[in-house]
Amino acid sequence: MTALHDVVPAVPRPDLQPYTYVRRELIEPDWRRFPGWRQVTDAQWRDAQWQRVNCVKNVKQLRTVMGDLLDERFYDELAADQADLATMSMLVPPQMLNTMAPHAAPQDFTDAFFADPVRRYMIPVRSDRDPRWPSHPHSSRDSLHEAEMWVVEGLTHRYPTKVLAELVSTCPQYCGHCTRMDLVGNSTPQVQKHKLLLKPVDRQDQMIDYLKRTPGVRDVVVSGGDVANVPWPQLESFLMRLLDVETVRDVRLATKALAGLPQHWLQPRVVEGMERVARTAHRRGVNLAIHTHVNHAQSVTPLVAEAARTALDVGVRDVRNQGVLMKGVNATPDDLLDLCFALQGEANILPYYFYMCDMIPNAEHWRVAVWEAQELQHAIMGYLPGYATPRIVCDVPYVGKRWVHQVAEYDRELGISYWTKNYRTGIELADPDALDRRYPYYDPISTLGEAGRDWWANQA
């Protein structure tokens, strides 16, 4: 008979685990390593207005910050991407740029910057893109068809009990993979952006009126763009009006700025205003939460943690993260778990969702296949507390969020998955087949075998 101690090592062997947790203290990288910011003081760095004024918006401004750290080959790649492929204009706050290549030596900086996961989605360059299939044949600029489901301008009623309120079409920073690239940000050579036409006050009046007339809606995601770009008095006024709607029970504020511009959420007038909103929500029994968007552990810094904890301290019920699953950024078990432990363990931000990158133009190099997402979901189970284990979801056009294992049928050879739904959206109320139809979703063609790639080449 084999003794138990002969089967199980007497001394724990964490190296035998596929992933080993190591607690890492959050750090704010030293922005003074960039020649253009060598004289920037701590007080300036914490100032939200300084951060906004010093955002990097073009190649010239990036050169000013970087000095001689970056080689010409990077600028050539960046200019080529902006001219031919970029769907989002360039806008990177200092806070976000400072998390890129944080430990690179000057002589290695260009290579480290090219390889950096945060850079890859915030400042994409031409060589990042898929050279054969930069866009999937079924990609579209409003890939989730949100504008088709507007009940008033900017108010998407996609789910039976939930709506999305887009208050503004700008952000403090622009992510290359933005799912609302048809509306958000400045136009690029590739994309002439749509525009919100109503005055903000009129748009908000119509949104509130719709909610009062539609008691079946209980959950409102207030977004954009980013709510951090709504002047605080205007945002507070809208939130207070929202809290006056008796049937609204959940309010979620969507802001990547908690990670990209935490200084905004630490401004005294914003903190004091958030406390007024949180107290009102608590008094009326409404769940108030902040949803942010962090994609890599490097972006979780002490300032981000301070902003999240400040929101919780003034009465916000939860701060949650909705990341986007992207190759070259976070699409490995180690990267996902490192990020989740940084969020949950060090910043009090609950890992919530990781969305598969949506099927917008020129995004194929970021997207993963459904089977890859399923493997990642399997790989991260069991490490985090159950309530802090994020779900990886596929946002299927005309269907909505589905856990990646909810696929109804899957043709792996052609990379076509089929999904079902259990409710009608506002544009399908008269569609008798909406709940019986199978809705397709498409894997990146680069993830297919030779037969699948040939089939798509023939289709194209």
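The values are calculated or read from the model by the stated rules, or taken from the named source; none is laboratory data. Just so you know, these numbers come straight off a predicted model, no measurement behind them. So basically every Cβ, Gly included, is an ideal-geometry build from the backbone, and we count neighbours across all protein chains shown. Keep in mind that these areas ignore ligands, DNA and RNA; they rest on the heavy atoms of the full protein, side chains included. Shrake-Rupley method; radii C 1.70, N 1.55, O 1.52, S 1.80 Å.
Starting from the exponent 0.38 and prefactor 2.2 Å, build the expected Rg for segment 357-432 from its residue count and divide its actual Cα Rg by it. Walk me through the numbers on the way to the answer.
On the way: Rg = 14.5 Å, N = 76, 2.2 N^0.38 = 11.4 Å.
Ratio of Cα Rg to 2.2 N^0.38 Å: 1.27.
Per the Kirkwood definition applied to all pairs of different Cα atoms, how many angstroms is the hydrodynamic radius of the chain?
So the Kirkwood estimate lands at 23.4 Å.
Please state the charge dipole magnitude for segment 220-345, taken about the Cα centre, from unit charges on C-beta atoms (+1 on K and R, -1 on D and E), reported in debye and rounded to the nearest 20.
320 debye
For an R0 of 51 angstrom, estimate the FRET efficiency from the Cβ-Cβ distance between GLN17 and ALA79 and round to the nearest 0.05.
0.70
For the chain, give the magnitude of the charge dipole about the Cα centre (Cβ charges: +1 Lys/Arg, -1 Asp/Glu; no others), in debye to the nearest 20. Intermediate values should be presented prior to the final figure.
Numbers: 51 positive and 58 negative charges, 274 e Å.
It comes to approximately 1320 debye.
Segment 401-456: percent of C-alpha pairs farther apart than 19 Å?
Roughly 40 percent, once rounded to a whole number.
For segment 129-248, give the share of DSSP beta bridges that are antiparallel, in percent and rounded to the nearest 5; count only bridges with both residues there.
50 percent
Quick check: residue separation of TRP50 and ARG32 times 0.36 nm, minus the Cα distance between them. What number comes out in nm? Intermediate values should be presented prior to the final figure.
On the way: separation 18, 0.36 × 18 = 6.48 nm, distance 1.51 nm.
Fully extending the segment from TRP50 to ARG32 adds 5.0 nm.
If you restrict to DSSP beta bridges whose two residues both lie in segment 228-328, what percentage is antiparallel, to the nearest 5? Intermediate results must be reported in sequence, preceding the final value.
Details: 0 of 9 bridges.
If we restrict to bridges inside segment 228-328, about 0 percent are antiparallel.
Taking the Kirkwood radius as the inverse of the mean 1/r across Cα pairs, report the Rg/Rh of segment 311-397.
Over the Cα atoms of segment 311-397, Rg/Rh equals 1.00.
For GLU450 and GLU72, calculate 0.36 nm times their separation in residues minus their Cα-Cα distance, and state this gained length in nm to one decimal.
Contour length minus Cα-Cα distance gives 132.4 nm.
Please report, largest first and rounded to whole Å, the three semi-axes of the ellipsoid equivalent to segment 308-354, where each semi-axis is the square root of five times an eigenvalue of the C-alpha gyration tensor.
23, 10, 7
Per residue, how many Å² of accessible area does segment 78-188 show with a 1.4 Å probe?
31 Å²
Pulled fully out, how much extra length does the chain show between GLU413 and THR332, if you take 0.36 nm times their separation in residues and subtract their Cα-Cα distance? Let's see the in-between values first.
Values: separation 81, 0.36 × 81 = 29.16 nm, distance 2.28 nm.
Extending this stretch completely gives an extra 26.9 nm.
With every protein chain left in place and a probe of 1.4 Å, what is the accessible surface of ILE416, to the nearest 10 Å²?
10 Å²
Give me the one-decimal nm value for the distance between modelled label points at ALA430 and ARG63, 7 Å along each residue's Cα-to-Cβ direction.
Once both label points are built, they end up 5.8 nm from each other.
Suppose we look only past 18 Å in the calculated P(r) of segment 32-103. What percent of the Cα-Cα pairs does that tail hold?
The proportion of pairs with Cα distances above 18 Å equals 41 percent.
With no solvent and one equal point scatterer placed on each C-alpha of segment 256-352, evaluate the Debye formula and give log10 I(q)/I(0) for q = 0.12, 0.14, 0.24 Å⁻¹, two decimals.
Log-scaled intensity ratios, in q order: -0.38, -0.50, -1.18.
Between ASN321 and residues 5 or more places away or on another chain, which pairs have amide H atoms under 5 Å apart, with H built 1.01 Å from N, and which residues are they?
Amide H neighbours of ASN321: THR292, LEU350, TYR352, TYR353.
For segment 321-360 and segment 430-447, compute the distance between their C-alpha centroids and round to whole Å.
Going from one Cα centre to the other spans 26 Å.
Determine the percent antiparallel among the DSSP beta bridges restricted to the chain, to the nearest 5. Let's see the in-between values first.
Details: 17 of 44 bridges.
Just about 40 percent of them are antiparallel.
Pairs of alpha-carbon atoms within less than 8 angstrom and 6+ residues apart define the contacts here; what relative contact order does the chain have, in percent?
Details: 839 pairs, mean separation 66.5, N = 460.
After rounding, I find 14 percent.
Give me log10 I(q)/I(0) at q = 0.16 Å⁻¹ for segment 114-221, Debye formula, one equal scatterer per alpha-carbon, no solvent.
Result of the Debye calculation: -0.84.
Once label points are set 7 Å from the Cα along Cα→Cβ at both ALA147 and ASP250, what is their separation, rounded to one decimal in nm?
2.8 nm
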